[in-house]
Structure formats: structure tokens, C-alpha cells
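Take a look at the structure set out below.
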Amino acid sequence: MSVAPVLIAGAGPVGVITALVLAQRDIPVRVFEAAERVNDTPRASTLHPATLEMLAGVGLLDEIVARGLVARTFQFWDRPARRLIAEFDHAILKDDTRYPFVVQCEQHKVANTAIARLRQFAHAEIRFSSPVTAVAPGNDRVDITVEVDGRPETISGSYLVGADGGRSLVRKSLDIAFEGYTFPERFLVLTSLFDFATEHGVAYRAYFSDPDEWANLFKVAGDDGLGRWRSVFPTLPGQTDDEVLNEIATECRLQKFFPNEKPYDIVHRNIYSVHQRVAASFRKGRVFLAGDSAHVNNPIGGLGLNCGIHDAVHLAALLSTVLREERPQTDLDTYDAMRRPMNIEYVQQQTVTNKKRLEEKDPAVRQANFDNLRRMAADPVAHRAFLMRTSLLESVRKQRVAA
């Protein structure tokens, strides 16, 4: 059986995992990335149990666990009081999944691990410094223009997957609306060597409710394996980069968070805009959108990367069965029909709810939120139900039934 390659724009985790699943099923793939290498700046890092199941299925889990940190529990705190409100333990899911824990593994490690595996396949190709600049879908193929050494090159394939991020050239080329909104405040990320677990009993994932300045705190391994703590804060609308990122401002922010006798050793600072948007369609003819090109959300709860990997595995499995003539081409419609509503119901709604819980200003509502979290943590049935949803296991099981 001769099959034209599936083309993929973007060599982040979503693009390369899509390619890897296709290659493992004997489908030729070609991946094109605009950058010179995988972006290793601090980005997403939380991998939930539902995603660990998928990574195990493509043979990546052991290496990702080895390069990351296992985080079985996560916490909610009342920040002004510096008081722990509730702790949730994924071990309660031991009868629901083989992986009742979260792995904190930085996004670039996931991508590079998948790329190394992808390079083992003769029918897989990955090219960096090769931005996709134009898309021309046809009835029986799709053509793309790729810039190589400053010169345009036309490449044809059976299908195209746009995994080229929130500013996706592929999505824009198809004139697909990116529906939603942008938050007025930007998010600040500070990465420090300070050990919040040892000093303050903070879990590797923790969420701090505060009507004035909520915060997230989580630990990653770092490239040296010695550990890094990332703290996330909202900034005031209109603040300049320098006002937020200068050394005095960042030190003051961390000292306000958890006062410390010594200055914090801050090894990285970043500020970025935050969006809640979903593409009006995840498919147009022979072109599909996956990951951030299809949906973006605030990072509270760590759901965006996970949903993108779920897109990748679902789409690659579907495309491979169609290309191998095991299913009719009309079944490709199920990708948009299933993945788009799933993102809206489980990722968009959950991340908006997470943000509202942390920034709630009404004292009565804040207290009610705390009481509800305590009740859920204390009740094994409610505890499990909460984790089934936040870990995305519920969405995956629902999708499996629908399929």
C-alpha cells in the first residue's frame, strides 16, 4: 500500500506525538518546524493520568517519568492566611488507572523524547528552520509552501495537521475563527531554586486563593535534575514588562508570597498574555488543527498540553485507519465532532472555573469554596469524582464510549 505522507506543521509535543503515532502505524510523515530547535523556555509541564496512559501506549512514559517528577498530590491554600485548605491524592484512582499520579515533565523534554523516537523510523522526517508559509488544500491532496534557506519549496501530502501554536499560520490560512477572549491581565512566571516543599510544606502542585493576588506554585526537575520551583502570578493591566520583571519587583513579589530571610535565587522570569479561545472548527477538508492551534486556555490546572496530546493521539489513530482503508474517509468528521466539544466541556470550562475560584473576592463565596474543597477531600466518593474530572480521565472514558 502506497500512501502519501501526512504533513505536520509544528514540532512541539503535539506535532511530534501526532507524527510518532502515525509512524508507528506505518504511515509516512513529514514534520516542519519554523524554529531552529525545540523551544526550551519554561512552559507547560503537568502530565495528568489520562495523558500518561497515552504516553505509555506510544512507548514514551518510562523516559518521561525518568526525566520528570512524580507528583501524587496537589493542594489548595488560602494565601492571605498561608493556610492549607485541602489536599487531593491521585492514589484514590488506583482502581481507575495504572497511573494514579501526575508527572511534572517540562514540555520541551516531552517533545525531544518523542523526536528521538521518531527519528528511528525511515518513513518519518523532521525539518527545523522550515516554516510553513502557505497552505493550499485540494480534493485529493494538500500542498504546503515551506521556506527552506530563504527559498520557497512546495510539498504535497495526503493530509496536513496544523500543530503550529496559538498564532497558527495553518488556522489563519483556512480562515477559521479563533473564538473567545483574552484576559486583561498578563501572567508572570518566576522560576526559583528555593525549596518550598522543605521550608513550607507545599506540594509539588499547589494553588493559592487570594482576592488581591492569587498564585500557583509547582516544581519541575529542570534540565540538571536538581529541581526548580515555578510560581505564577497575575499582573495588573497596563503594567510594562520592566515594571513587572525588574529584579526589585520580582524579589518583592516572592517575599510577599513567602517571606524569606535571604533573597530568592530567581533563575528565570517570563510574562505572557493569556487567552481562552477555541477554533470554530478543528477540520477543513484535508487539514486538521490540534493543540494550541485549535484551543488555548489559562494554565491553572495544567490542562492545555494534556488536551493537545489527546488531540494528537486521537487524530493520528483516526488518520491511520482511514489511510489504511480500515475505516471510510467520512469517519474523519468525528475528529471535530468529538474533540471540539470535549475541549469546551472539560478544558475551557474547568480552567475558567479554576481561575474564578482562586481570584474570588466575596468573603462568603471564598469561604463556601473552601468548605466545598474540604468536603470533597474528606469524602472518598467526591474526592475520586473530582480527580476523575481534573485528571481528564472522565473525558477520555467518555470519548471512548462515544467512539
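Put simply, when 99-105, 236-242 are sorted by average Cβ atoms within 10 angstrom per residue, most first, you get 99-105, 236-242. Using only Cα atoms, locate the centre of segment 9-47 and the centre of segment 294-336, then give the distance between them in Å, rounded to an integer. Result: 14 Å between the Cα centres. Here the chain exposes an accessible surface that is 50 percent carbon and sulfur, computed with a 1.4 Å probe and the other protein chains kept in place. 3J(HN,Hα) along segment 246-260: 5, 4, 5, 5, 6, 5, 4, 5, 6, 5, 5, 5, 9, x, 9 Hz, from the Karplus curve 6.51 cos²θ - 1.76 cosθ + 1.60 with θ = phi - 60°, whole Hz, x for Gly and Pro. Compactness ratio for segment 42-106: Cα radius of gyration over 2.2 N^0.38 Å (N = residue count) comes to 1.27.
When the chain is described by a simple charge dipole with +1 on each Lys and Arg Cβ and -1 on each Asp and Glu Cβ, the residue from 190, 282, 381 located farthest towards its positive end is 381. Each peptide in 34-44, 301-311 was scored by the mean count of other Cβ atoms within 10 Å over its residues; highest first, the order is 301-311, 34-44. With the gyration tensor restricted to C-alpha atoms of segment 334-394, the semi-axes of the equivalent ellipsoid amount to 26, 17, 6 Å, longest first. Taking amide H positions as modeled 1.01 Å from N, with prolines and chain starts lacking one, the residues under 5 Å from residue 86 and 5 or more places away or on another chain are 76. Placing +1 on the Cβ of every Lys and Arg and -1 on the Cβ of every Asp and Glu, with no other charges, gives segment 239-352 a dipole of roughly 360 debye about its Cα centre.
For residue 186, the amide hydrogen comes within under 5 Å of the amide hydrogens of 235, counting only partners 5 or more places away or on other chains and with H modelled in the peptide plane. For the chain, the antiparallel share of DSSP beta bridges with both residues in that region comes to about 75%. Lysine pair count for the chain (Cα-Cα distance under 22 Å; residues 8 or more apart in sequence or on different chains): 9. Sequentially through segment 274-289, phi angles give Karplus couplings (6.51, -1.76, 1.60; θ = phi - 60°) of 10, 10, 10, 9, 9, 4, 4, 8, 9, 8, 9, x, 8, 10, 10, 10 Hz, Gly and Pro residues having no value and appearing as x. Close amide H contacts of residue 11 (hydrogens built in the peptide plane, cut-off under 5 Å, sequence separation of 5 or more or a different chain): 34. Normalised by 2.2 N^0.38 Å, where N counts its residues, the alpha-carbon radius of gyration of the chain equals 1.00. The HN-Hα couplings worked out from phi for segment 128-139 by the Karplus form 6.51 cos²θ - 1.76 cosθ + 1.60 (θ = phi - 60°) are 8, 6, 9, x, 7, 10, 7, 10, 9, x, x, 6 Hz, whole numbers, x standing for Gly and Pro. Need one number: % antiparallel among DSSP beta bridges in segment 11-126, to the nearest 5. Once the DSSP bridges in segment 11-126 are tallied, antiparallel ones form about 80 percent. Against the chain, whose longest principal axis comes from its Cα atoms, helix 304-323 is set at around 20 degrees. Taking 25 °C and 0.890 mPa s as the conditions, I'd like the Stokes-Einstein D for segment 107-180 in µm²/s, using the Kirkwood hydrodynamic radius from alpha carbon pairs. For the chosen part, D equals 173 µm²/s.
Taken about its Cα centre, the chain carries a charge dipole of roughly 720 debye when the Cβ of each Lys and Arg holds +1 and the Cβ of each Asp and Glu holds -1.
The values are calculated or read from the model by the stated rules, or taken from the named source; none is laboratory data. Predicted, not measured: the structure shown is a model, and the values here were computed from it. Neighbour counts are summed over all protein chains in view; Cβ atoms, including those assigned to glycine, are modelled from backbone coordinates with ideal geometry. Note: areas computed on protein heavy atoms with side chains; ligands, DNA, RNA excluded. Shrake-Rupley method; radii C 1.70, N 1.55, O 1.52, S 1.80 Å.
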